[in-house]
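The values are calculated or read from the model by the stated rules, or taken from the named source; none is laboratory data. Every value quoted in this text rests on a predicted model; they were computed, and no experiment measured them. Here the Cβ is made from the backbone with ideal geometry for all residues, glycine too, and neighbour counts use every protein chain on show. These area figures cover heavy atoms from the full protein model, side chains too; ligands, DNA and RNA do not enter into them. Shrake-Rupley method; radii C 1.70, N 1.55, O 1.52, S 1.80 Å.
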Amino acid sequence: MWRWLRSALRSLRGSLAAPPPGGGGRPPATMERAVVRCVPSEPKLSLRFVLPDGSARHMQRDQAEPVGRALARIATNAAKGHGKAGKKSKKARAEDGAEGEAAVPAVRLFSRDGAAVAEEVPNAAAWQDGAVLHIGDARYRVERNPPALTELRLPRSLLAGFPVCPKVSAEFAAPQHCLFRWFREQRPAGGGDPAAEAWVETAAAERVFTPSNALVGLRLKLRCTPGDGEQRYGPAREVESSGPVEAGPGACTFDARHLYTKKVCGHGSVRAVSYNILADTYAQTEFSRTVLYPYCAPYALEIDYRQNLLKKELAGYCADLICLQEVDKSVFVDSLAPALDAFGLEGLFRIKEKQHEGLATFYRRDKFSLLSQHDIAFSEALLSEPLHKELCEQLAKYPLVQEKVLQRSSVLQVSVLQSTTDPSRKLCVANTHLYWHPKGGNIRLIQIAVAMSHIKHVACDLYPNVPVIFCGDFNSTPSSGTYGFISSGGIAEDHEDWVSNGEEERCSMSLSHPFELISACGEPAYTNYVGGFHGCLDYIFIDKNALEVEQVIPLPSHEEITTHQALPSVSHPSDHIALICDLKWK
């Protein structure tokens, strides 16, 4: 709230050309502003205005209080302000007849149609947009909840050829209704005084700006005016980039893939993406830099650099659904959510238990609306939900495995979406990231069993016959028990993955689920390619009875992947490769 108040204060001295309604004679041609912030969920409203003597006033009043009391308080404040501003020498006051206390001015409030507002009307109902406040001879037009920016921020790293997506937070406004003006730095000619800073407006007037190579070495400035979509605009704010635009890396691994995804699919189709984007919390460790990714230039592991690549890559897929794994909370809030919002995607986030990263699901707003969310943490659900009672009892027979399962922080994100053009079409979109350890096949089987039971509850019990799209990094190759269980609907108690960590941790049980799922992108040679390993770990599973594959976007060539030895690299932001496919209802 305080950011809103600071923003409002900066604009209080502005005046409006529109004349006020009647009430007390012919109004002046211009009026000052009285800015009111009134939110139903808060007990008080705030009122800010500038008195004729130039002193700013900020009042907090109970919303239920009769407006007459607030007006009386304004009158007292105005009298005090007048008294302070009018202080003169004793002789001067005597000459002007100004001896004694300042007179209390008449203070009244008129509605926008010119009628006086009765003193017993509650503040919340009295201070309406367009009303006029009279303080003596001064007139103030009331602006109730005008659009205001609470945050405006540019990314720390700017690359030529990569979209710059500002973080825009506003109150009583929406980023899609704001006005944007971009400026580039202009350096003094002939090596003049660098302090003589100047800015030149660019032709761009969009929320997202992609700097050209001509802007390398120059800083950017953004001026944003908040709007609410109803032709109301608040005070503009400006922000300058902390550094100059830098040269981009040239060709990236996803450039050729964008040739297949230039446009959003039609309303009968759905483009889905699944992508482990490599959490910063894992990329920025000494172990990562020296052991996992020693071939990757250190600057290319920096999150600011990788975010440039990720935002361009994801925006270029023109997807309807994007399921991401290893998403740092700060990356979601400050970078991905604002950027993808600018491209028409709404984001949902679920953090892992006791971790700084988690899962994110994005859906295209003009294609889908969110009906409900059903996220779970595997360990918590296993212990507390009756749905998993039988599995929990079986697992209790194997205390070593049970302990490991319950120690894991893995989560499942489940969102039910409804088509905006055909309400009969719904989707159950699931997203997960299973336990990573190479010998953890038995743990992953328990996790996927919990996942499938939970998805069955949502897609069969809560929303009968809703098609399932299940994305994620399953940390399981096509030959694994987990992949076999998902695609076949069952697993035998003698499967080798039950002893993936040796006989001591054997955990044998028979599992099944009712879905008929297929891997929409097949079984690529690899979706994860690092120095010491490459294999297929990521999948987009779909309900084959309700959905069919229109096209699979080809993965980058082996030559592209290995140009810089392995992943990540200066031209690829993660150690995984995004899976992308176009689906349609049968």
Can you go through Gly161, Gly229 and tell me which one is assigned to a loop (DSSP other than H, G, I, E, B), over 25 Å from Val570 (Cβ atoms) and not polar (S, T, N, Q)? Gly229
Can you name every residue in the range 516-539 that is in a strand (DSSP E or B) and within 30 Å of Arg289 (Cα to Cα)? Asn528, Tyr529, Val530, Phe533, His534, Gly535, Asp538, Tyr539
Residues Lys456, Lys439: which one is within 29 Å of Glu403 (Cβ to Cβ) and either part of a loop (DSSP other than H, G, I, E, B) or outside the structural domain of Leu359 (by the TED database) (or both)? Lys439
Name, by its number, the condition in (1) open to solvent by 30 Å² or more (accessible area, probe 1.4 Å); (2) under 19 Å from Phe343 (Cα atoms) that does not hold for Gln186. (2)
Does the range 40-55 include one or more residues that are at pLDDT 50 or above, among the basic types (Lys, Arg) and in contact with a helix residue (DSSP H, G or I) (Cβ under 8 Å, 6 or more places away or on another chain)? yes
Take the conditions of a type outside the set (Lys, Arg) and closer than 18 Å to Arg207 by Cα and apply them to Ala339. Does it pass? yes
Leu370 being open to solvent by 10 Å² or more (accessible area, probe 1.4 Å), part of a strand (DSSP E or B) and either in the same structural domain as Lys262 (by the TED database) or among the basic types (Lys, Arg) (or both): yes
For the range 297-326, which positions are open to solvent by 10 Å² or more (accessible area, probe 1.4 Å) and touching a strand residue (DSSP E or B) at 6+ places or on another chain (Cβ under 7 Å)? Cys318, Glu326
If a residue must be free of Cβ contacts under 8 Å to residues at least 40 places away in the same chain, part of a strand (DSSP E or B) and loosely packed, with under 14 Cβ neighbours inside 10 Å, how many such residues does the range 44-69 contain? 1
The number of residues in the range 104-121 that are more than 12 Å from Leu133 (Cβ to Cβ), in contact with a strand residue (DSSP E or B) (Cβ under 8 Å, 6 or more places away or on another chain) and hydrophobic (A, V, I, L, M, F, W, C) is 1
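Going residue by residue through the range 511-531, is there one that turns out to be among the polar types (S, T, N, Q), in contact with a Lys or Arg (Cβ under 7 Å, 6 or more places away or on another chain) and either buried (at least 21 other Cβ atoms within 10 Å of the Cβ) or within 17 Å of Gln447 (Cβ to Cβ) (or both)?
Scanning the range 511-531 turns up no residue that is among the polar types (S, T, N, Q), in contact with a Lys or Arg (Cβ under 7 Å, 6 or more places away or on another chain) and either buried (at least 21 other Cβ atoms within 10 Å of the Cβ) or within 17 Å of Gln447 (Cβ to Cβ) (or both).
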Among the residues of the range 273-301, what is the count of those that are in a loop (DSSP other than H, G, I, E, B) and among the small types (Gly, Ala, Ser)? 2
